[in-house]
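Read through the structure below, which is laid out as structure tokens, and then see the notes.
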Protein chains: 2
Amino acid sequence: MDSKLRIFIPIYPGVTHLDFTGPHQFFSRVPQIDVVVASIGGEPVDAQGLTFSNLDDLTDIAACDVLCVPGGLGCLDAAKDIRFIHAIRHLAGTAKFVTSVCTGSLILGAAGLLHGRRAACHWAWRDMLPLFGAIPDPARVVRDDEIITGGGVTAGIDFALTVIAELTDDETAQRAQLILEYAPAPPFDAGRPETAPAAIHDHVVADMAELQASRYRQAQYLAERYATRR
Amino acid sequence: MDSKLRIFIPIYPGVTHLDFTGPHQFFSRVPQIDVVVASIGGEPVDAQGLTFSNLDDLTDIAACDVLCVPGGLGCLDAAKDIRFIHAIRHLAGTAKFVTSVCTGSLILGAAGLLHGRRAACHWAWRDMLPLFGAIPDPARVVRDDEIITGGGVTAGIDFALTVIAELTDDETAQRAQLILEYAPAPPFDAGRPETAPAAIHDHVVADMAELQASRYRQAQYLAERYATRR
């Protein structure tokens, strides 16, 4: 009998691959953990030029210990598919921890799992959480009881160490950190809106403005459709 | 005519996926950069439970601006394949920068590209670099003229920002850093042998001892076969 802890990662076209490959690499170094990655129908998933195949079928998973939903520009399109939302709701009901990285929290929100709960999200999309009744939190890793959410993209690694420590112990997380030599030394300090040079921040915000407006409307539509705000 | 900078990433079974998905995610957010990922024959590649498909054929690539070789437990097995080594040597000859992440530097070494050169490597495998005539450097990102190498696994992200800044400018690298919210906040400080608690370090080193010994012999064999030490 397999007594490993099962972490389940649903992916979809347009997922930001580092949202889940970061955590996946850390989780997969822990002997007590099994990681399962799945998509609708087990279909291959394209993400920024990488194709992930040999996936499990998302609609065919019975249960998991941890549900871990990654983000990406495709997150709201994924949430439009009722099969995807049904699978997320079902698995969340079986999991000890319901988690996300980056804009994966918008999927949790659309599924109605964050009402009244604090959650992290990528800085540029965090303002959309209240559309789903969630309370945005700017921390890199946010825990609200059984909900653990990470901030944008690379926050997934800090998130993964937090989840590993929670599921096992600090020592197991530290061994994974040493094996994966996670002693970050960014050559610049531009990783948050608060620390990035103003010109960098303004450039990125201007680039994203149009996309943000259209995704905001998309999120409003989903909140209405799935009645997740009430 | 495509005037984008072409970064080429060769992968192989047993590659540590975060060695290249980290840099790939950063590179792919830079408009001036095209990233190509390839394997021998364009075959799908398995890595820690993820399968990467839809790959280019490594033996069919004419040239690139940056060669970026990731590491992993399969690195020396990959280097045993003369087609793989031929492709690495050929592409290195066309590239402006020859680079690696983690134990990818052992592949560069086996290919004879690091003789007398300083290079980074994963901390646990760094001592094998001299077998290929290279000079191990414990820094997270090491530059020796056109050779840029990153340390273990997650160092690939710091490495990627360094390479992006070199290929374009600091501002472009900073924009990628902000978009991917790279403001790391590890919950533990166990990412380097020097900072990890002694018990953590000893446990990991003991776990790896047997593997290290067999891989050392494998590297000796490759150094002999490809005459890369002379």
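Values in this text are rule-based calculations from the coordinates and carry no lab data. Nothing here was measured: the structure is a model prediction, and the numbers come from that model. As a convention, Cβ positions derive from the backbone with ideal geometry for all residues, glycine included, and neighbour counts pool all protein chains shown.
Annotations
- For the stretch B:1-153: relative contact order, % (alpha-carbon pairs under 8 angstrom, 6 or more apart): 20 percent
- Distance between the modelled labels on residue B:171 and residue B:127, one decimal in nanometres: 4.8 nm (7 Å Cα→Cβ projection).
- Calculated from backbone phi, Karplus (6.51, -1.76, 1.60) coupling profile of the stretch B:40-47 in Hz, x at Gly/Pro: 4, x, x, 5, x, 10, 8, 8
- Remark on residue B:101: its backbone amide H falls under 5 Å from those of B:69, B:71, B:150, a criterion applied only to residues 5 or more positions apart or on other chains, H modelled at 1.01 Å from N.
- Estimated 222 nm signal from helices in the protein assembly as shown, with DSSP H stretches of n ≥ 4 weighted -39500 (n - 2.57), rounded to 500: -12000 deg cm²/dmol
- Residue of B:131, B:113, B:211 that the Gaussian network model of chain B assigns the largest fluctuation, springs spanning Cα pairs under 10 Å: B:211
- Under the Karplus curve 6.51 cos²θ - 1.76 cosθ + 1.60, θ = phi - 60°, whole-Hz ³J(HN,Hα) for the stretch A:128-140, x wherever Gly or Pro sits: 7, 4, x, 4, 9, x, 8, 9, x, 10, x, 5, 6
- Sites matching chymotrypsin sites (Phe, Trp or Tyr not before Pro) across the stretch B:174-230 that sit in DSSP coil, with at most 10 neighbouring C-beta atoms within 10 Å: none
- Above 16 Å, the calculated P(r) of the stretch A:5-117 contains 54 percent of its Cα-Cα pairs.
- Using C-alpha pairs under 8 Å with a sequence gap of at least 6, the mean separation divided by the residue count of the stretch A:71-211 gives a relative contact order of 18 percent.
- Note on chain B: with a GNM built from Cα contacts shorter than 10 Å, the maximum mean-square fluctuation among B:107, B:11, B:82 falls on B:82.
- Of all DSSP beta bridges confined to the stretch B:5-225, the antiparallel ones make up roughly 25%.
- Residue with peak Gaussian network fluctuation, chain B [Cα springs, cutoff 10 Å], from B:155, B:120, B:63: B:63
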